[in-house]
Structure formats: C-alpha cells, structure tokens
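Notes follow once the structure below has been shown.
Every number in this text was worked out from the coordinates using simple rules, so none of it is lab data. The structure displayed is predicted, hence computed values, not measured ones. Virtual Cβ from ideal backbone geometry, glycine too; neighbours counted across all protein chains shown.
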C-alpha cells in the first residue's frame, strides 16, 4: 500500500497543534476532576498552620575544624547553622526546625561543600552541582 503524504502550511500546522493541545488538556482535566482530594492532608495542614518539625542533621568528619549546614532553608548562608562536634569527637550535629516541604542542602566542611552520604541526590543547582535532598513530611 503506498504511503500518502499530507502537507500543511505553517499556519495550519500551528492551528492543528493548538487544537490537539487543547483537546488533550481538556481530556486530562476531565479525567482527573473527580480525583481531587476533598480533605486536607496532615502535611498540608501542618504547612498551612506554620508548624515546624525538628530535623537532626549529622555528618562524620573527624578531622574537621569547622562544619556547618547550608541549604535553601537558610539561603546557603554558612554562618547561620554551625554544627557542633558530638561526644564521640567524629560526628558533627545540628537540629533545625523546618516546615513540611522539599529542601536542597549540603555540608560545609572546612570551607568545602560535601554531600550527605545518607540522603538522595537532587538535580544540579544553578551551577550544575548536585545537592542532597530532604523531604520533611508531617504525620
């Protein structure tokens, strides 16, 4: 069976694309309209009420002289969340209260950024560097 080609001018091709996009968007809206949550989840209530939850960060850096945590929750400021060396002398810790949400962060160990080995990696930041990712969830 021979293949028949159909040629459209650019304006007609754009119009056809717009019609397809609108039809697809309408179908998606129709298919999901009954699935919208009717009650507020605990996480959404927690965030809406301005409640913060304690999150403990720790990193093993026995030879470090200074460690802090930087992330989007403190505008990547290395002075706002210094970490304290724990009693074992190897681990540095800090507790931070955060609202429910997703956060990118890293440790600053003696001036060098280090990822959290216990956390998943996020996509690169504005400079193409990966970050550790934390999800704070309400109960």
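Structural remarks
- Computed over the range 42-136: relative contact order in percent, which uses C-alpha pairs under 8 Å that are six or more apart: 29
- Simple label model, 7 Å out from Cα along Cβ direction - residue 97 to residue 80, nm: 1.5
- The length gained by stretching the chain between residue 66 and residue 121 to full extension, at 0.36 nm per residue less their Cα-Cα distance, is 17.5 nm.
- A crude spin-label estimate for the pair residue 112 and residue 135, with each label 7 Å from Cα along the Cβ direction, gives 3.2 nm.
- For the range 42-136, the square roots of the Cα gyration tensor eigenvalues, ordered a ≥ b ≥ c, give a/c of at least 1.5 with a/b no greater than b/c, which places it in the oblate category.
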